[in-house]
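Presented below is the structure to which this report refers.
The values are calculated or read from the model by the stated rules, or taken from the named source; none is laboratory data. No experiment lies behind these values; they were computed from the predicted model shown. Using ideal geometry, Cβ is built from the backbone for each residue, glycine included, and neighbour counts are taken over all protein chains shown.
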Amino acid sequence: TQGKPVTSLAAVAYEAGKPLSLEEITVDVPKAHEVRIQIKKTAICHTDAYTLSGADPEGSFPCILGHEGAGIVESVGEGVTNVKPGDHVVALYTAECGKCKFCRSGKTNLCGAVRATQGKGVMPDGTSRFKNKNGEPLLHFMGCSTFSEYTVVADVSVVAVDPTAPLESACLLGCGVTTGYGAAVKTADVQKGDTVAIFGAGTVGLSVAQGAKARGASQIILIDINDSKKKYMNEFGATAYINPTKDLKEDETIVSKLIEMTGGGLDFTFDCTGNVKVMRDALESCHKGWGVSVVIGVAASGQEISTRPFQLVTGRIWKGSAFGGIKGRSEMGGLVKDYQKGSLKVDEFITNRRPFVEIDEGFRDLHTGDSLRTVLTF
Ligand code: NAD
Ligand code: AHE
Ligand code: ZN
């Protein structure tokens, strides 16, 4: 197949809010500094559902969604040196070129190399490698497009991983697990004895919990409005669970309850819901003087956060985290090693396994609230 377009089963999102279309598409050859991957496993992250719903201001259609995927390099374009055909790889929606202002800063995992074209759904040369049977181009998504058996990504957007690690586990490191774990251990840098509250007990929130536990947090409080999430709390190290729609007394708010439970507020809080009202509660339940609230959740187009500036004047810090602050190409190998030696839980997030053609059911799994990750197999 090297050097030729390939036919690929894909789930095409033609329009926001419309069902995905399972069809055969054509995936072009990788150009210079591009890599064609045969995706073996892809999971569905809440962000895929968010963009499909039409809530993402960057969502452009028709496109091929999916950004939590792992597979095998099928072919590479000219000038690619970081991976070769046969390598087991994870696609990275946060690229790492190592050369741009962001990469060189040492201050962030964000990379400027391909982000502008990535946001427009095209490869760095401004064109797409996907087309449907009618020859119409289909857009890429988050630089990954893992809802296609074959995809093309920029070389800076892919990392090779130990081939002995199962690809179904590696794929979860492409977003949810890494995002939450990294937000706790890197962005927040939780320390032994710290108190932590996590709003939203999905894969991202529970991964924050496991990061906080790894750091020796003294209290890890999970907040979710869906009680089917409570059963996961012990597995990932949470010490308490609150459903604010049921577990509060009449004169309590989630903020007052958390402040009371922690003798003044949390050292760290995390929003893993994408709800801007929840983001405010997360900030306001931080301890005066030093509490840090980390926004991870992705809010719909037009939504804005607000609080009284006095909350910040009195020492609370509002910050955000993308991909857990993790630099994908430099740090993925370490996460895979942690997984292999048993110190990073990954498989525990796989609650459903399905063939790729059941992708619609996979989205339904996500919306029932009972599942964590559905892994789809090509
Ligand atoms: P998920 O759907 O699996 O989990 C979200 C959880 O939040 C669910 O359990 C849901 O019941 C709960 N929830 C919803 N509204 C709530 C509320 N008002 N109060 C408390 N809990 C509430 O999603 P996920 O895949 O874990 O992703 C979580 C969020 O993080 C999403 O917004 C996603 O888009 C975002 N995300 C961001 C990054 C990043 O790098 N910043 C990466 C991955 C995901
Ligand atoms: N496109 C949206 C924002 C989407 C967003 O915030 N994405 C997260 C990753 S979610 C993964 O599941 C992120 O890391 N963003 C940083 C980046 O560079 O995209 C919008 O509002 O325009
Ligand atoms: Zn994601």
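The residues of segment 154-179 that are more than 14 Å from residue 328 (Cα to Cα) and either surrounded by 24 or more Cβ atoms within 10 Å (Cβ to Cβ) or of a type outside the set (D, E, K, R) (or both), listed by number, are 163, 164, 165, 166, 167, 169.
Every residue in segment 76-123 that is among the hydroxyl-bearing types (Ser, Thr, Tyr) and either within 22 Å of residue 187 (Cβ to Cβ) or modelled with pLDDT under 95 (or both), please. Spell out how you get there, then give the answer.
Let us first name the residues in segment 76-123 that are among the hydroxyl-bearing types (Ser, Thr, Tyr), namely 81, 93-94, 105, 108, 117.
If the condition is that a residue be among the hydroxyl-bearing types (Ser, Thr, Tyr) and either within 22 Å of residue 187 (Cβ to Cβ) or modelled with pLDDT under 95 (or both), then 93, 94, 105, 108 are the ones that fit.
Under the condition of being closer than 14 Å to residue 281 by Cβ and in contact (Cβ under 8 Å) with a residue 60 or more places away in the chain, the residues counted in segment 219-261 number 1.
Against the numbered list (1) over 25 Å from residue 166 (Cα atoms); (2) in a helix (DSSP H, G or I); (3) touching a helix residue (DSSP H, G or I) at 6+ places or on another chain (Cβ under 9 Å), residue 51 comes up short only at (3).
Of all residues in segment 352-378, those being touching a Phe, Trp or Tyr at 6+ places or on another chain (Cβ under 9 Å) and among the basic types (Lys, Arg) number 1. Checked against (1) surrounded by fewer than 16 Cβ atoms within 10 Å (Cβ to Cβ); (2) modelled with pLDDT of 95 or more; (3) not in a helix (DSSP H, G or I); (4) not assigned by TED's automatic domain parsing to the domain that holds residue 214, residue 354 meets all criteria but (1).
Taking into account only those residues within segment 123-165 that are part of a strand (DSSP E or B) and more than 21 Å from the chain's Cα centre (by Cα), which is farthest from ligand 2 (Cβ to nearest atom)?
Initially, segment 123-165 is screened for residues part of a strand (DSSP E or B), giving 130-131, 137-139, 148, 150-154, 158-160.
Among the residues that remain, those that are also more than 21 Å from the chain's Cα centre (by Cα) are: 130-131, 137-138.
Numbers: 130: 19, 131: 24, 137: 20, 138: 18 Å.
Only one residue fits best here, namely 131.
For segment 59-76, the count of residues that are within 16 Å of ligand 3 (Cβ to nearest atom) and of a type in the set (Phe, Trp, Tyr) is zero. State yes or no: is residue 190 in a helix (DSSP H, G or I) and among the aliphatic types (A, V, I, L, M)? Criteria not met by residue 190. For segment 208-227, filtered to residues that are over 21 Å from the mean Cα position of the chain (by Cα) and among the polar types (S, T, N, Q), the residue that is nearest to residue 293 (Cα to Cα) is 219. Each residue in segment 49-65 was checked for being in contact with a Leu (Cβ under 9 Å, 6 or more places away or on another chain) and touching a residue at least 60 places away in the same chain (Cβ under 8 Å), and 9 of them qualify.
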